[in-house]
1. What pairs come out if I take residues in the stretch 179-190 that are modelled with pLDDT under 95 and pair them with residues that are of a type outside the set (Val, Ile, Thr) whose C-beta lies under 7 Å away, six or more apart or interchain?
2. So how many residues does the stretch 56-72 have that are under 18 Å from Leu18 (Cα atoms) and either acidic (Asp, Glu) or not in a strand (DSSP E or B) (or both)?
3. Out of Gly90, Gly67, Gly78, Gly62, report the one residue that is in contact with a strand residue (DSSP E or B) (Cβ under 6 Å, 6 or more places away or on another chain), at pLDDT 95 or above, on the phi > 0 side of the Ramachandran plot and of a type outside the set (S, T, N, Q).
4. Output the residues belonging to the stretch 124-156 that are within 17 Å of Leu171 (Cβ to Cβ) and touching a residue at least 40 places away in the same chain (Cβ under 8 Å).
5. Where in the stretch 97-215 are there strands (runs of 3 or more DSSP E), lying wholly inside it, with at least 3 residues that are away from the ligand (no atom under 16 Å from the Cβ)?
6. Assuming Gly163 fulfils every condition listed in (1) in the same structural domain as Thr117 (by TED's automatic domain parsing); (2) touching a residue at least 12 places away in the same chain (Cβ under 8 Å); (3) in contact with an Asp or Glu (Cβ under 9 Å, 6 or more places away or on another chain) apart from one, which condition is it?
7. Go through the stretch 17-60 and give me each residue that's hydrophobic (A, V, I, L, M, F, W, C) and over 20 Å from Glu83 (Cβ atoms).
8. Which condition does Lys139 not pass, out of (1) surrounded by fewer than 17 Cβ atoms within 10 Å (Cβ to Cβ); (2) more than 19 Å from the chain's Cα centre (by Cα), if it passes all the others?
Amino acid sequence: MLTIALSKGRLAEQAIDLLEKAGYDCTAAKEKSRKLILEDEKTGLRFILAKPADVPTYVEYGAADLGVVGKDTLLEEGRQLYEVIDLGFGKCRMCVAGPKDLTSDKLDRIPNKRVGTKYPNITRAYFEGVKKESVEIIKLNGSVELAPLIGLSEVIVDIVESGRTLYENGLDVIETVADISARVVVNRVSMQMKADEIKPMIEKLKKQVELNNEM
Ligand code: PRP
């Protein structure tokens, strides 16, 4: 039996779709219910539906053998696991954003700046690690775009997908921190102990991703 942790929501649906195209029967996973564990003894697959930020935790501890989760969550959580496939969907960017007239050069000249974000670890790694600059990180839980509008922070670090949320709030991307997409992650022990099930699954998924990318 393989246990697969999925991020509740659109990523889960796309992951199930991909698994089916790769030849895995996911009837159990498509059941419309509020169940959090969807198991099919016939296929030997068990799906758990977790909050995205918890998927790497389930996989690191081996409660799930595999997981499908956004690179943003992986970067933020910094868990010990194998990242094996870039699935090519759930694409977006992690960006520094702020008021439209704030350029990268101007941003660099603001001393002691405050950065609002749901991603404090990514933000710290970017400003302190990459830009060699210390900033005050203000942890928020959503609607992060509010922060610069209301004077809580000079800029934000957040996910930008279509750019519509920024645009409609008079904000813009200043710098790109990382390209994001959905990834398959594997528990390090499962990779050895269940290699006969996991390795063929990785190969089939990789082939399906290649086919999707060609279309
Ligand atoms: C995410 C992200 C942005 C928005 C970006 O928020 O934090 O706010 O989507 O998408 P766009 O570029 O297509 O407008 P989410 O919907 O997850 O809600 P949140 O604000 O509660 O984090």
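1. Note: no pairs meet the criteria.
2. Adding up the residues that qualify gives 2.
3. On the way: Gly67 fails: on the phi > 0 side of the Ramachandran plot; Gly78 fails: in contact with a strand residue (DSSP E or B) (Cβ under 6 Å, 6 or more places away or on another chain); Gly62 fails: in contact with a strand residue (DSSP E or B) (Cβ under 6 Å, 6 or more places away or on another chain).
Every option except Gly90 fails the conditions.
4. Scanning the stretch 124-156 gives Glu145, Pro148, Ser153, Glu154, Val155, Ile156.
5. Numbers: elements: 114-117, 136-139, 155-160, 171-180, 182-186.
Correct list: 182-186.
6. Tallying (1) in the same structural domain as Thr117 (by TED's automatic domain parsing); (2) touching a residue at least 12 places away in the same chain (Cβ under 8 Å); (3) in contact with an Asp or Glu (Cβ under 9 Å, 6 or more places away or on another chain), Gly163 fails exactly one: (2).
7. Keep residues of the stretch 17-60 that are hydrophobic (A, V, I, L, M, F, W, C), which gives 18-19, 22, 26, 28-29, 36-38, 45, 47-50, 53, 55, 59.
Within the stretch 17-60, Cys26, Ala28, Ala29, Leu36, Ile37, Leu38, Leu45, Leu49 meet the criteria.
8. That leaves (2) as the condition not met.
The values are calculated or read from the model by the stated rules, or taken from the named source; none is laboratory data. If you're wondering where the values come from, they're calculated on a predicted model, not measured in any experiment. Quick reminder, even Gly has a Cβ in these numbers, built from the backbone with ideal geometry, and neighbours come from all protein chains shown.
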